Amino acid sequence: MVKVGLTGGIGAGKSEVSRLLASYGAVIVDADKIAREVVEPGTPGLAAVVAEFGDGVLAPDGSLDRPKLGGIVFSDPEKLKALNAIVHPLVGARSAELEASAGPDAVVVHDVPLLTENGLAPLYDLVVVVDAAVGTQLDRLVRLRGMAEDEAKSRMAAQATREQRLAVADLVIDNDGPLEALERQVRAVWERLRSA
């Protein structure tokens with residue numbers, strides 16, 4: 001088994017890289033997806049988030065109002081730290097379960113947005129960073145995701161810098177260009193991972 005950490009700043013295109021790797025046969029362990037699962041209605045994770053932040057972070061249907069919570073935590077580092085203290089251990093436990101169920105010859109790609117911030121690089125055989133210029137990230141968040149520019153900048157500022165991510169990278173995928181260029185790079189990275 002090859003354990004890969006995949007990361008990149010918000011808007012860098014990590015999700016597209018993850019999708020391509022999955023199409024080639026990688027087993028994807030998606031930390032963001034798991035982070036949503038562990039705070040679904042009825043879970044201990046959601047109960048802990050509500051205990052920390054109050055009922056105001058719930059949507060009318062009882063689910064987590066993620067945009068509302070994001071507005072609270074991404075503007076206050078201490079509140080973000082409190083949320084991470086609840087969610088990260090739950091995500092880690094579920095990720096370990098998924099990895100354990102993969103076959104011995106699998107390439108297991110852990111899609112982890114906060115890999116750099118949480119010092120997780122040593123947990124993986126290789127770290128792949130999806131890199132894009134800050135301007136490219138901002139444009140994608142505003143134009144493609146419909147975020148207000150201030151919100152996009154706030155979320156970007158809450159993450160590691162581009163330099164910090166590149167410092168932990170074993171392999172870098174440059175995603176400032178067109179999709180075709182990204183696909184060629186991801187295919188090359190996949191070949192490297194298969195032979196690792």
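Structural remarks
- Of the criteria (1) on the phi > 0 side of the Ramachandran plot; (2) part of a strand (DSSP E or B), which one VAL129 fails: (1)
- Only residues that are polar (S, T, N, Q) and open to solvent by 60 Å² or more (accessible area, probe 1.4 Å) were counted in region 158-177, giving 2.
- Residue in region 131-139 that is at pLDDT 90 or above and open to solvent by 60 Å² or more (accessible area, probe 1.4 Å) present: yes
- Residue check for VAL38: touching a helix residue (DSSP H, G or I) at 6+ places or on another chain (Cβ under 6 Å) and β-branched (Val, Ile, Thr): yes
- Residue in region 9-22 that is over 29 Å from ALA133 (Cβ atoms) and of a type in the set (Asp, Glu) present: no
- Extreme residue, least open to solvent (accessible area, probe 1.4 Å), among residues of region 6-30 that are within 15 Å of TRP190 (Cβ to Cβ) and in a strand (DSSP E or B): LEU6
- Residue match in region 178-189 (condition: at pLDDT 95 or above, in contact with a Lys or Arg (Cβ under 7 Å, 6 or more places away or on another chain), within 26 Å of LYS3 (Cα to Cα) and open to solvent by less than 40 Å² (accessible area, probe 1.4 Å)): no
- When we screen ARG143, ARG155 for residues that are open to solvent by 60 Å² or more (accessible area, probe 1.4 Å), in a helix (DSSP H, G or I), out of contact with any helix residue (DSSP H, G or I) (no Cβ under 7 Å at 6 or more places or on another chain) and over 16 Å from LEU6 (Cα atoms), the only hit is ARG143.
The values are calculated or read from the model by the stated rules, or taken from the named source; none is laboratory data. Remember, predicted model here, so these are calculated numbers, not experimental data. Cβ coordinates were reconstructed from backbone atoms using ideal geometry, including for glycine residues, and neighbour counts include every protein chain displayed. The area values use the complete protein model at the heavy-atom level, side chains included, leaving out ligands, DNA and RNA. Shrake-Rupley method; radii C 1.70, N 1.55, O 1.52, S 1.80 Å.
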